[in-house]
Amino acid sequence: MIYKGRTNEYFQLENILSNDCFVQEETIGSPLTFIWFVEDNNKIKIDNIEYQFNKNQIISLTEFHKVDISSICNAKMIRFNRAFYCIIDHDSEVGCKGILFFGASQLPVFKIPNEEVENFQTIWKMFEMEIQFKDELQLEMLQSMLKRFIIMCTRIYKVQEKYHKMAGNQIDIIREYNFLVEQNFRKKNTVAEYASMLNKSPKTLSNLFSKISAKSPLQFIQDRKLLEAKRLLRYTDKSVKEIAYEIGFEDLQTFGRFFKNNEGVSPTDFKENK
């Protein structure tokens, strides 16, 4: 079921019952996607890494994720573009700058608590009813319901990922850091550069990240570079040298060491075996 607005707004609601249901025939700009798994043993390959998801887990995907379906038993999908929700303009925890939609270096995953499942089922039924209406109020209603759904997801994810241990302004700093990395990882390579943009010290960022993740702020930068390198090597015909320069390495040798230290193979071998 698809809604299309007059100014390129796009909203899609689907029940996925077989492997090819996820494939979208038409391209939409800047898609954001929720997949809610209704049964166990669902396999999805994201950026060439295979994941298994079980009943009542939800994942959120951005346009930066490369997704291949291996096996989906039963799932529900919500997909929309930024024109529909203007999510990038919402400078809050429900925006694209942090908790659920900030890029591709992480894959937000959470499980709906048993006591919350009925609430999610109810809002899905409301989506199904509203998307069938064809009047002037439909867009506003769908946008409002989507915001409610995102807030529900964000609250659960924050608890399960220990965000509740942090003050609101600390969460905002991490969200902004993640967003800045997504926008600038090709040119900015050090934590100090991002700390300066945030008017914080590198030590402050390290202390904040240690509260919610085993990864340091520097690892987030490196992981994003590595992810982009693997994508370009696997999905494009660009040379290793071109890719090295594109993601911010000044010479091929440094890029080669970086890639092999993380992947165990050289960029050339990785590309040849894609």
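The values are calculated or read from the model by the stated rules, or taken from the named source; none is laboratory data. From a predicted model like this one, the values you see are computed outputs, not experimental measurements. When we count neighbours, we look across all protein chains shown, and the Cβ atoms used for this are built from the backbone with ideal geometry, even at glycine.
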Got a sec? Which of I59, I44, I35 is among the hydrophobic types (A, V, I, L, M, F, W, C) and at pLDDT below 90? I44
Selection within the range 235-246 - over 11 Å from P267 (Cβ atoms) and in contact (Cβ under 8 Å) with a residue 12 or more places away in the chain: Y235, E246
Take D172 and decide whether it is acidic (D, E), assigned to a helix (DSSP H, G or I) and under 16 Å from P108 (Cα atoms). no
Extreme residue, surrounded by the fewest Cβ atoms within 10 Å (Cβ to Cβ), among residues of the range 257-273 that are among the hydrophobic types (A, V, I, L, M, F, W, C) and under 20 Å from F220 (Cβ atoms): F258
Looking at S213 and the list (1) in a loop (DSSP other than H, G, I, E, B); (2) at pLDDT below 90; (3) farther than 25 Å from I247 by Cβ, which single condition is not satisfied? (3)
In the set K147, K188, K134, which member is outside the structural domain of G264 (by TED's automatic domain parsing) and not in a helix (DSSP H, G or I)? K134
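Residue-wise test of (1) touching a His at 6+ places or on another chain (Cβ under 6 Å); (2) more than 25 Å from V109 (Cβ to Cβ); (3) of a type outside the set (A, V, I, L, M).
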site	(1), (2), (3)
P217	no, no, yes
V240	no, yes, no
F249	no, yes, yes
S266	no, yes, yes
Of the residues K211, K162, K158, K230, which single one is touching a His at 6+ places or on another chain (Cβ under 8 Å) and under 30 Å from K111 (Cα atoms)? K158
Filter result for the condition that a residue is of a type in the set (V, I, T), loosely packed, with under 14 Cβ neighbours inside 10 Å and either closer than 20 Å to E63 by Cα or modelled with pLDDT under 90 (or both), over T190, T254, T236: T236
Hits in the range 102-145 (condition: at pLDDT 85 or above and closer than 30 Å to S216 by Cβ): P108, V109, F110, K111
Does N178 fit the bill of being touching a residue at least 60 places away in the same chain (Cβ under 8 Å), polar (S, T, N, Q) and not assigned by TED's automatic domain parsing to the domain that holds W36? yes
